[in-house]
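The values are calculated or read from the model by the stated rules, or taken from the named source; none is laboratory data. It should be emphasised that the depicted structure is a prediction, and the values quoted were computed from it without experimental measurement. Here Cβ is always computed from backbone atoms with ideal geometry, including for glycine, and neighbour counts include all displayed protein chains. Just so you know, the surface numbers come from the protein's heavy atoms only, side chains and all, with ligands and any DNA or RNA stripped out. Shrake-Rupley method; radii C 1.70, N 1.55, O 1.52, S 1.80 Å.
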Amino acid sequence: MKQLSLFDYKNDFNEPLADRVRPDTLEEFAGQRHLLGPGKVLRTLIEHDQVSSMIFWGPPGVGKTTLARIIAARTNSEFIDFSAVTSGIREIREVMAQAEQNRLTGLKTLLFVDEIHRFNKAQQDAFLPYVEKGSIILIGATTENPSFEINSALLSRCKVFVLQALSAEDLTGLLLHALESPKGYGGRDIAVSKDVVRLIANFAGGDARIALNTFEMAVLNGSLDSTGRITVTKEIVEQCTGRRALLYDKNGEEHYNLISALHKSMRNSDPDAAVYWLARMLEAGEDPLYIARRLIRFASEDIGMADSGALSLTTAVFQACHNIGMPECSVHLTHAVVYLSLAPRSNSLYTAYEAAKLDAQRTLSEPVPLAIRNAPTDLMKELHYGEGYQYAHDFAQKLTTLKCLPDSLEGRTYYRPTTEGAEAEYAQHLEQIKAWKEQRRKEQDEH
């Protein structure tokens, strides 16, 4: 038997794997079950041929273009793929003229505009009259919030559907399909374990294109034996991705071990360890937005009122990560991690809620005191809703003796401020408030 060379194998298919295995039907489409599952809104619109202009908002590689193609085929529309990067007003008018001719002959035109947020106002406005009179079904794709990036006039004429990053499970299924499909590697003798497939799926970070391109690169660089079998190993994947064995299952134990290590290092005021665990997670392919969300939680759970600026900083870092992504946002995450490691500590907000939660679960049927009920109607006022309410702004001290807890919980204390950082000032102020109320209540009882 003639031994195949890697060069021979590479020339069997000219198209990239991602293009070869692009799904043609909704049944083959991976992910977005919240929109395309049985009975879900977008699937229903497609199946009943009631598709109107829409915006697909989601991260790269989740199937925005593919879904638009499937919709065009399913609704018997001519599909025109239009790029906001390379097209201007002249190209828009040419396409619109073609679409108008199609409309006159009874043919629907589905115009897919990738990266529609890159169009300026004038370019976006050029679509409006054609969308309004139905010359085209416009499907715009964007990775940016359409509320900020799409003209309000155009946006008001489009339904917005939010597409989510694909899960590791979705991507694993997609890669296994590519392995078995005749359009992919079906009929090829390729040895690759499910663990290695999952490794690629985790590395891709929710992006199908990255997953398939990485898989293709791993296959092309796989070990070829004398029988023509190609073996893809974990080591080959690591070479292709530039990652070492740091890659880990984002849903597995190591994922939670690492975020725990980061959290506890910050809590222990150890910025060096915290930055190390941050780097471990990022270099392993962790989603920076996941880490940023955990830092926002830490800001209130472990620092809280001791330094309320921690919450503002971590929220800003989350937005920075969303805007610029990796690898640039690593420095923003480091900024937050070091800040949180050195900030004063207080878990009083966390303990306050946990204590209140236990009472709330036990007293869910406890009525709201009449004095602090809403009373927008005469009937409610007749039932004494709002009776006895004291409006704090009407008093010199901006304080009243109004009781706001249910009678069964009178005297309960949930928030117990520490003396750390800025919280010491809040603690002192709270003591003054309590002392004032206690004194006024005593005076009222005496009278």
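Anything in the range 355-381 that is basic (K, R), open to solvent by less than 80 Å² (accessible area, probe 1.4 Å) and under 25 Å from P417 (Cβ atoms)? List them, or say none.
K357
If only one of L154, L176, L171, L163 is in contact (Cβ under 8 Å) with a residue 60 or more places away in the chain and either open to solvent by 30 Å² or more (accessible area, probe 1.4 Å) or in contact with an Asp or Glu (Cβ under 9 Å, 6 or more places away or on another chain) (or both), which one is it?
L171
Identify the residue in the range 399-436 that is of a type in the set (A, V, I, L, M, F, W, C) and not in a loop (DSSP other than H, G, I, E, B) and, among all such residues, is surrounded by the fewest Cβ atoms within 10 Å (Cβ to Cβ).
That would be A435.
Which one of these does W277 not meet: (1) closer than 17 Å to E423 by Cα; (2) in a helix (DSSP H, G or I); (3) not polar (S, T, N, Q)?
(1)
Does the range 276-295 contain any residue that is hydrophobic (A, V, I, L, M, F, W, C), open to solvent by 20 Å² or more (accessible area, probe 1.4 Å) and within 28 Å of E149 (Cβ to Cβ)?
Yes - at least one qualifying residue is present in the range 276-295.
Those residues that are modelled with pLDDT under 85 and in contact with an Asp or Glu (Cβ under 8 Å, 6 or more places away or on another chain), I need them from the range 226-276; list them, please.
Scanning the range 226-276 gives T227, G228, R229, K234, R243, R244, A245, L246, L247, Y248, K250, H255.
Whether any residue in the range 48-56 is within 28 Å of N323 (Cβ to Cβ), among the β-branched types (V, I, T) and open to solvent by less than 10 Å² (accessible area, probe 1.4 Å) is what I want to check.
So far as the range 48-56 goes, yes, one or more of its residues are within 28 Å of N323 (Cβ to Cβ), among the β-branched types (V, I, T) and open to solvent by less than 10 Å² (accessible area, probe 1.4 Å).
For R69, work out the one condition from (1) modelled with pLDDT of 85 or more; (2) open to solvent by less than 80 Å² (accessible area, probe 1.4 Å) it doesn't fulfil.
With respect to (1) modelled with pLDDT of 85 or more; (2) open to solvent by less than 80 Å² (accessible area, probe 1.4 Å), R69 is out only on (2).
How many residues are of a type in the set (A, V, I, L, M) and at pLDDT 85 or above if we restrict to the range 372-417?
Selection size over the range 372-417: 7.
Scan the range 44-53 and give yes if some residue there is in contact with a Leu (Cβ under 6 Å, 6 or more places away or on another chain) and either at pLDDT 85 or above or over 25 Å from I150 (Cα atoms) (or both), otherwise no.
Yes, the range 44-53 contains a residue that is in contact with a Leu (Cβ under 6 Å, 6 or more places away or on another chain) and either at pLDDT 85 or above or over 25 Å from I150 (Cα atoms) (or both).
Scan the range 380-396 and report the pairs whose first residue is at positive phi and whose second residue is in a loop (DSSP other than H, G, I, E, B) and hydrophobic (A, V, I, L, M, F, W, C), with Cβ atoms within less than 8 Å and a gap of 6+ or a chain change.
G386/A375; G388/L402
Applying the selection to the range 107-119, what residues are free of Cβ contacts under 8 Å to residues at least 40 places away in the same chain, over 22 Å from P59 (Cβ atoms) and open to solvent by less than 60 Å² (accessible area, probe 1.4 Å)?
Those that are free of Cβ contacts under 8 Å to residues at least 40 places away in the same chain, over 22 Å from P59 (Cβ atoms) and open to solvent by less than 60 Å² (accessible area, probe 1.4 Å): T109, L111.
Hey, among the residues in the range 211-231 that are of a type in the set (A, V, I, L, M, F, W, C) and not in a strand (DSSP E or B), which one's farthest from the chain's Cα centre (by Cα)?
Going through the qualifying residues, I end up with L220.
Which of (1) touching a residue at least 60 places away in the same chain (Cβ under 8 Å); (2) surrounded by fewer than 23 Cβ atoms within 10 Å (Cβ to Cβ) is the odd one out, the single condition K194 does not satisfy?
(1)
Would it be correct to say that A97 is closer than 17 Å to F79 by Cα and either among the charged types (D, E, K, R) or open to solvent by less than 40 Å² (accessible area, probe 1.4 Å) (or both)?
no
Go through the residues of the range 298-319 one by one and say whether even a single one is in contact (Cβ under 8 Å) with a residue 40 or more places away in the chain and within 24 Å of T143 (Cα to Cα).
no
So, in the range 120-136, exactly how many residues are more than 21 Å from R69 (Cα to Cα) and either among the hydroxyl-bearing types (S, T, Y) or surrounded by 13 or more Cβ atoms within 10 Å (Cβ to Cβ) (or both)?
5
Are there helices (runs of 4 or more DSSP H) fully within the range 98-210 with at least 2 residues that are at pLDDT 85 or above, β-branched (V, I, T) and over 21 Å from the mean Cα position of the chain (by Cα)? List them.
In the range 98-210, 194-203 are the helices (runs of 4 or more DSSP H) which contain 2 or more residues that are at pLDDT 85 or above, β-branched (V, I, T) and over 21 Å from the mean Cα position of the chain (by Cα).
Going by the conditions given, is V337 modelled with pLDDT of 95 or more, of a type outside the set (D, E) and surrounded by fewer than 17 Cβ atoms within 10 Å (Cβ to Cβ)?
Spelling it out, it is not the case that V337 is modelled with pLDDT of 95 or more, of a type outside the set (D, E) and surrounded by fewer than 17 Cβ atoms within 10 Å (Cβ to Cβ).
Within the range 138-151, track down each residue that is farther than 30 Å from F203 by Cβ and open to solvent by 20 Å² or more (accessible area, probe 1.4 Å).
The answer is S147, F148, N151.
Tally up the residues in the range 200-236 that are touching a Lys or Arg at 6+ places or on another chain (Cβ under 8 Å), under 23 Å from G58 (Cα atoms) and open to solvent by less than 30 Å² (accessible area, probe 1.4 Å), please.
1
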